[in-house]
Amino acid sequence: MLYEFLKDNYKEAEPIFFSDIVIKGITKSVVNQQLKKLCDEGKLQKYENGIYYLPKKSRLKTNVGVNADTVARYKYVSRGGKVDGFYLGNTFANQLGISTQVPNKVEIVSNNMAAKVREVPIETRFVKGILFSKIQFQNHYMNESVLFRV
C-alpha cells in the first residue's frame, strides 16, 4: 500500500521526506516500519535520516541516487508547490547567467532553517543557510555575499 502511494506521488530519484508522507488510517510508526521494509527489499533507498528516494535504473542496470543539489532544493527552497526560500550570492548569479562562477558553498535563504546562519553538509557539498523572516536589504558586503539582517 505504501509502495503504491510512493510510486503514484513521487518520481524516481526524487527526495521523499518522511514528514510529507501522510496516509489516512496509517500512523507514523507503521509508515516508518514499512519504509524500513521497502529499504530492505531494495524498492526504496535511504538518503539520510528522514529522506528516502525511489531508485532509478541507469543504462548499465545500476541504481542512480538522488543528487545533493536536488535534496537541498527540496529541503530548503521549494517542495510540493510551496516556496520556502531562494538562492543567494554566486549561486543566484550563476542561475541568472550573469556569472560563470560556481560556488563551493550554495547559499540559500529559507524559512526551513533552525538557526539564523548555519552550514549544512549534504553529501560533499555545503549549503550555507540563512533563516528568512523579515529581511531588510543593507548595502553591506561580507565574503562576497549580501549581508541580511534578520
Next item on the list: Counting other beta carbons within 10 Å of each Cβ, put Ile108, Ile21, Ile26 in order, fewest first.
Entry: Ile26, Ile21, Ile108
Check: Can you sort Ile98, Ile51 by how many other beta carbons sit within 10 Å, fewest first?
Finding: Ile98, Ile51
Next item on the list: Please report the base-10 log of the normalised intensity I(q)/I(0) for the range 29-74, using a Debye sum with one equal scatterer per alpha carbon and no solvent, at each q in 0.15, 0.22 (1/Å).
Entry: -0.43, -0.82
Next item on the list: Within 10 Å of each residue's Cβ, count the other Cβ atoms and sort Tyr47, Tyr76 from fewest upward.
Entry: Tyr47, Tyr76
Margin query: Students often get this wrong, so check it: of Lys61/Lys105; Lys11/Lys43; Lys11/Lys61, which have C-alpha atoms separated by over 24 Å?
Written below: Lys61/Lys105
Checklist line | Spin-label model distance (nm) - Leu96 vs Thr70, 7 Å beyond Cα toward Cβ | finding: 2.8
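Every read-out reported here was derived from the displayed coordinates using simple, explicitly stated rules and does not represent laboratory data. These numbers were taken from a predicted model, which means no experiment stands behind them. Using ideal geometry, Cβ is built from the backbone for each residue, glycine included, and neighbour counts are taken over all protein chains shown.
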